[in-house]
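Asker: The structure under discussion is supplied below as structure tokens; questions concerning it will follow.
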Amino acid sequence: MNTNLKISNIIKIYPGCIANDNVSLEFESGKIYALLGENGAGKSTLVKILSGVIIPDQGKIFLNKNILKLNSPLDAKKNDIGMVFQHFNLFETLSVFENLIIDSDETKENLREKIELIMKKYNFLINLDVPVLNLSAGQKQKVEIIRCLIRNPKVLIMDEPTSVLTEQETSELFLSLKKFSEEGILIIYITHKLKEVIRLCDEVAVMRKGKLVSVSEIKNENIESLANKMVGQNLKTIKKKKAKTSTDQLIKITNLNFISEDPFETNLNNINFSVNRGECLGIAGISGNGQSELFQILSGEIISNKNSIEFNKNYIGDLNPQERREYLMAFSPEDRLEQAAIPQMKIFENVALNNFKSSNFFKNGLINENKIKEHAKKIISDFNVNTDNIELKSQFLSGGNLQKLIIGRELITSPDLLICFNPTWGLDVGAINYIHETLIKINEQDKSIILISTDTDELLKLSDKISVIHKGKLSKIMNAEEVTSEKLGVLMGGGEID
Amino acid sequence: MIIDINFVGLIITSIMASAVPLILASCGELITERSGVLNLGVEGMMIIGAISGFALMTVTGSLFIAVVGAMIAGVLISTIFAFLTQTLITNHVATGLALTIFGIGISAMIGKNFVGIPGKEFPVLFKSLKDTIPFLSPILFGHSIVFYFAFTLPFFTNYFLKKTKLGLIVRAVGDSPESASNQGINVKLVRYSCILYGGAMCGLAGAYLSMIYTPQWIENMTGGRGWIALALVVFSTWNPIKILIGAMIFGGLTIIQFHMQAMGVRIPVQFLTALPYIVTIVVLVVISRDSRKIRLSTPSSLGKSFYKDN
């Protein structure tokens, strides 16, 4: 059975921004379509319209030549359009089965049988009776997919599905998606990752600033051509020069252990590594294998044994982040809006948050606003943050701009070591490029970086040495040239390489 | 001192009687909170229920109309809360506090004409069985229908939440209104219904106070029971069965206080009045030690406004 989905002249306008400017597209089943664009290009708006979450100002949607009125997510479901959102729509405290039965009209027994069948067919292994919060991101996504499959959808829309997945999980997902496509489900795949488009899809539609830029077949495209369409200008490819081999040790971690009382945290087991000046150490791993604990220990959010961290010949394991900054360390945490910045505070106020002693931001307990503002303006211009209003609340900055601000805030004190955790998570190509350039630049200035990231491409591009963290244990430290993403994948999954 | 077994039975009976309004109000509030809405107006809704019940009984003479009327009054006043917090997206805490203040004020105003009027006798069930078995039968028999309803309500509430589809939807909305909305659940409708149901139960709790427990109208007669009911929901970690246990403990504290005074034990009354809150805090501290448990039992979206952006 063939499915034809057509959208014509969709317009959606928000105050101050045209999210979808007269977008028309046509999809046929049997193919996997990519909808490609940077953050804010309007692709999320478009799929939210297709799934009934957002109602367009103008335009029509046709499914098999019949006009569709999608006024609510329920309408989309009724019309066999399934959607897996980037941010999972699951109820964390309910069990997997409860999550699935909530929008189903079948009896418990029938539904359970149906789910078991689906899981068997696609090789999903999920315990249906545990609360969703016990599942890994990949498993949660499978629950979302099962939720769609239960309804035998004609159309399956995946919104940035791999942003939380590991290399292996991504491969598994792609296999499943290809299988779905063969079975006649029309698949629309939203992403800003070019490699995935090339690897998975048959046709690609590129969006930029709310407009549809191009529709083409994948075989006529390559990564560069797609990137240029997406950004609208020629992107320069950045490459890292091989670092001079320095032997001047900057930070050394010895026998670092961490045992947590919180069952959601990962224990760290005998971590040892060192980083020389001008070097970038990449730490790869599937999220949840102890990265955030390691970051917190390195940044001083979790205090450890004094002697376990030696920085610039000082033992600093028992110092808090503030005190560590005085020793010229800088930190860029994973969660920009929750850990690195306070969303409700203005840009210049956020800039003052990592106040260092020499800053003179505060005098006799009073805030020296002019000084802070001056400083904030310098960061904004030095680090290319796309706003001129330092009074703006940080929550209104895009992810990329906020990350530039945070990195800028950390780097403007010219620290010896920057520790960053997923610095480009969820950013668009332009912003990623900028952040990568910046990180390479500080290496060239003989400063060091510890880069904890779940993005293996990023790690391979930026690191001089790479190690993998798995279940709180660090693998041996390898030279980046000897490492491939396949090797990393094996180590990330807990395997061994020689 | 010889302890008379019938005397103990009597104490238990009186503890149960004082637990009734707590059970009713907290079971109602529990449903409201499970949908993610924090309604601090329990005290206000209870007192509105109390004056409405008493006034309707005096005016119409019908106990049935009075009880149903008190519940409707509870629904009406909670509609104000629902409209403000769900449609106009006001802050739950501030609106709930305002509702309590409003309820106490307006009940005092209406109640002026009803002060000093004697109440009516409320019919009791199984009266003939009351003297059959020593100790047990005064506990089991000879109570109003509201009493029996209250003691079965936690079990029904538990069944509703755990075993029915609607209960699942209520829990889902409390867990993540955004996800629920994206799943096509009408979050506003669910939350409205839960708030209104909570209002009805608080109204009934109030009517029990002014028509059955102490059949008369006294200004401010709920005397902080609404706040205890709120504390009870937290104490129970949103589990209806534990509300039953908690209500007996909290109700018991009030009754034992009377008996202790009679026996000449000198504990400041204020301390005993404060005990339920102290116990709640102790329980909170104990359960907070297990972050997983608190995460699983607390409605994640409690007190947070939800609005759909289109």
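The values are calculated or read from the model by the stated rules, or taken from the named source; none is laboratory data. Only a predicted model underlies this, so the values are computations on that prediction, with no experimental measurement involved. No Cβ is skipped: glycine too gets one built from the backbone with ideal geometry, and neighbour counts run over all protein chains shown.
Asker: Spot the failing condition for A:Lys178; the list is (1) in contact with a Gly (Cβ under 9 Å, 6 or more places away or on another chain); (2) touching a residue at least 60 places away in the same chain (Cβ under 8 Å); (3) farther than 21 Å from A:Leu46 by Cβ, and only one is missed.
Answerer: Tallying (1) in contact with a Gly (Cβ under 9 Å, 6 or more places away or on another chain); (2) touching a residue at least 60 places away in the same chain (Cβ under 8 Å); (3) farther than 21 Å from A:Leu46 by Cβ, A:Lys178 fails exactly one: (1).
Asker: Is it the case that B:Leu296 is outside any loop (DSSP other than H, G, I, E, B) and at pLDDT 80 or above?
Answerer: yes
Asker: Which residues, taken from the range B:252-299, are within 14 Å of another protein chain (Cβ to nearest Cβ) and either in contact with a His (Cβ under 7 Å, 6 or more places away or on another chain) or within 22 Å of B:Asn158 (Cβ to Cβ) (or both)?
Answerer: B:Asp290, B:Arg292, B:Lys293, B:Ile294, B:Arg295, B:Leu296, B:Ser297, B:Thr298, B:Pro299
Asker: If a residue must be in a loop (DSSP other than H, G, I, E, B) and surrounded by fewer than 16 Cβ atoms within 10 Å (Cβ to Cβ), how many such residues does the range A:356-383 contain?
Answerer: Count: 4.
Asker: Check A:Ile477, A:Ile412 and return the single one that is modelled with pLDDT of 90 or more and under 28 Å from A:Ser274 (Cβ atoms).
Answerer: Checking each option against the conditions leaves just A:Ile477.
Asker: Let me ask something else. When the range A:8-61 is examined, which residues are found to be without any contact (Cβ under 8 Å) to a residue 40 or more places away in the chain, out of contact with any strand residue (DSSP E or B) (no Cβ under 7 Å at 6 or more places or on another chain) and closer than 23 Å to A:Ile185 by Cα?
Answerer: A:Lys48, A:Gly52, A:Val53
Asker: Can you pull out the residues in the range A:52-89 that are of a type in the set (Asp, Glu) and not in a helix (DSSP H, G or I)?
Answerer: A:Asp57, A:Asp80 - these are the residues of the range A:52-89 that are of a type in the set (Asp, Glu) and not in a helix (DSSP H, G or I).
Asker: Evaluate the following for A:Ile49: is it in contact with a Lys or Arg (Cβ under 8 Å, 6 or more places away or on another chain), of a type in the set (A, V, I, L, M, F, W, C) and part of a helix (DSSP H, G or I)?
Answerer: Yes: the conditions hold for A:Ile49.
Asker: Same structure, new question: For the structure I just gave you, tell me whether B:Leu272 is surrounded by 15 or more Cβ atoms within 10 Å (Cβ to Cβ) and over 30 Å from B:Ala180 (Cβ atoms).
Answerer: yes
Asker: Another question, then. Please list, ordered by residue number, the strands (runs of 3 or more DSSP E) wholly in the range A:262-355 having 1 or more residues that are in contact with a Pro (Cβ under 9 Å, 6 or more places away or on another chain).
Answerer: Per the criteria, A:329-332.
Asker: Considering the range A:165-178 alone, what residues qualify as being at pLDDT below 90 and surrounded by fewer than 22 Cβ atoms within 10 Å (Cβ to Cβ)?
Answerer: Those that are at pLDDT below 90 and surrounded by fewer than 22 Cβ atoms within 10 Å (Cβ to Cβ): A:Leu165, A:Glu167, A:Gln168, A:Glu169, A:Thr170, A:Ser171, A:Glu172.
Asker: For B:Gly119, all conditions in the list (1) small (Gly, Ala, Ser); (2) part of a helix (DSSP H, G or I); (3) closer than 21 Å to B:Val20 by Cα hold save one; what is the number of the exception?
Answerer: (2)
Asker: While we're on this one: Tell me which of these A:Ile449 doesn't satisfy, since it passes every other one: (1) out of contact with any Cys (no Cβ under 9 Å at 6 or more places or on another chain); (2) farther than 30 Å from A:Asp159 by Cα.
Answerer: (1)
Asker: Need at least 2 residues that are at pLDDT 90 or above and within 21 Å of B:Thr237 (Cβ to Cβ) per element, so show me which helices (runs of 4 or more DSSP H) inside the range B:125-203 make the cut, counting only ones lying wholly within it.
Answerer: B:145-163, B:165-175
Asker: Here's a follow-up. For B:His143, which of the numbered conditions (1) farther than 20 Å from B:Leu99 by Cα; (2) surrounded by fewer than 21 Cβ atoms within 10 Å (Cβ to Cβ) fails to hold?
Answerer: (2)
Asker: Moving to a separate point now. Only one residue in B:Arg191, B:Arg266 is crowded, with 23+ Cβ neighbours inside 10 Å and among the basic types (Lys, Arg). Which one?
Answerer: B:Arg191
Asker: Same structure again: Working carefully through the options A:Leu100, A:Leu5, find the one that is aliphatic (A, V, I, L, M), more than 9 Å from chain B (Cβ to nearest Cβ), under 17 Å from A:Ile145 (Cα atoms) and not in a loop (DSSP other than H, G, I, E, B).
Answerer: Matching residue, one of A:Leu100, A:Leu5: A:Leu100.
Asker: Identify all residues within the range A:8-52 that are among the charged types (D, E, K, R), farther than 22 Å from A:Asn79 by Cβ and surrounded by 23 or more Cβ atoms within 10 Å (Cβ to Cβ); write none if there are none.
Answerer: Once the filter is applied, which keeps residues that are among the charged types (D, E, K, R), farther than 22 Å from A:Asn79 by Cβ and surrounded by 23 or more Cβ atoms within 10 Å (Cβ to Cβ), the range A:8-52 yields only A:Glu38.
Asker: Same structure, new question: Give the residue, chosen from B:Gly74, B:Gly9, that is of a type in the set (Gly, Ala, Ser) and either surrounded by fewer than 24 Cβ atoms within 10 Å (Cβ to Cβ) or on the phi > 0 side of the Ramachandran plot (or both).
Answerer: Answer to the check: B:Gly9.
Asker: Next question, about the same structure. Checking A:Ile81 against (1) crowded, with 18+ Cβ neighbours inside 10 Å; (2) of a type outside the set (Lys, Arg); (3) facing chain B (nearest Cβ under 10 Å): exactly one of these is not met. Which one?
Answerer: So the condition that A:Ile81 fails would be (3).
Asker: When residues of the range B:55-84 are filtered for being of a type in the set (Ser, Thr, Tyr) and either more than 13 Å from B:Lys120 (Cα to Cα) or touching a Ser or Thr at 6+ places or on another chain (Cβ under 8 Å) (or both), how many remain?
Answerer: So the answer is 2.
Asker: Which of the residues belonging to the range A:73-112 are of a type in the set (S, T, N, Q) and within 24 Å of the chain's Cα centre (by Cα)?
Answerer: Across the range A:73-112, the qualifying residues are A:Gln86, A:Asn89, A:Thr93.
Asker: Mind listing whichever residues of the range A:423-453 are outside any helix (DSSP H, G or I), at pLDDT 90 or above and closer than 25 Å to A:Glu349 by Cα?
Answerer: A:Pro423
Asker: Still on this model: Do we have any residue at all in the range B:55-74 that's among the aliphatic types (A, V, I, L, M), modelled with pLDDT of 95 or more and outside any helix (DSSP H, G or I)?
Answerer: no
Asker: State which residue pairs qualify: first residue assigned to a helix (DSSP H, G or I) and inside the range A:113-133, second residue basic (Lys, Arg) in any location, beta carbons under 8 Å apart, and separation of 6 or more residues or different chains.
Answerer: Final answer for the pair search is A:Val132/A:Lys140; A:Leu133/B:Arg295.
Asker: If you don't mind, there's one more thing I want to ask. Among the residues of the range A:40-53, which ones are away from chain B (no Cβ under 14 Å) and closer than 26 Å to A:Ser176 by Cα?
Answerer: A:Lys43, A:Leu46
Asker: Kindly provide the set of residues from the range A:386-396 that are closer than 24 Å to A:Lys441 by Cα and either in contact (Cβ under 8 Å) with a residue 24 or more places away in the chain or in a helix (DSSP H, G or I) (or both), ordered by number.
Answerer: Answer for the range A:386-396, where residues must be closer than 24 Å to A:Lys441 by Cα and either in contact (Cβ under 8 Å) with a residue 24 or more places away in the chain or in a helix (DSSP H, G or I) (or both): just A:Thr387.
Asker: Look at B:Leu244 and say whether it is within 14 Å of chain A (Cβ to nearest Cβ), touching a residue at least 24 places away in the same chain (Cβ under 8 Å) and not aromatic (Phe, Trp, Tyr).
Answerer: no
Asker: Here's another thing I want to ask about it. Which residue, of A:Ser216, A:Ser181, is surrounded by 18 or more Cβ atoms within 10 Å (Cβ to Cβ) and modelled with pLDDT of 90 or more?
Answerer: After applying the criteria, what remains is A:Ser181.
Asker: Still on this structure: Counting only residues that are in contact with a helix residue (DSSP H, G or I) (Cβ under 8 Å, 6 or more places away or on another chain) and among the β-branched types (Val, Ile, Thr), which one in the range A:54-78 is farthest from the other protein chains (Cβ to nearest Cβ)?
Answerer: If we take residues in the range A:54-78 being in contact with a helix residue (DSSP H, G or I) (Cβ under 8 Å, 6 or more places away or on another chain) and among the β-branched types (Val, Ile, Thr), then A:Ile61 is farthest from the other protein chains (Cβ to nearest Cβ).
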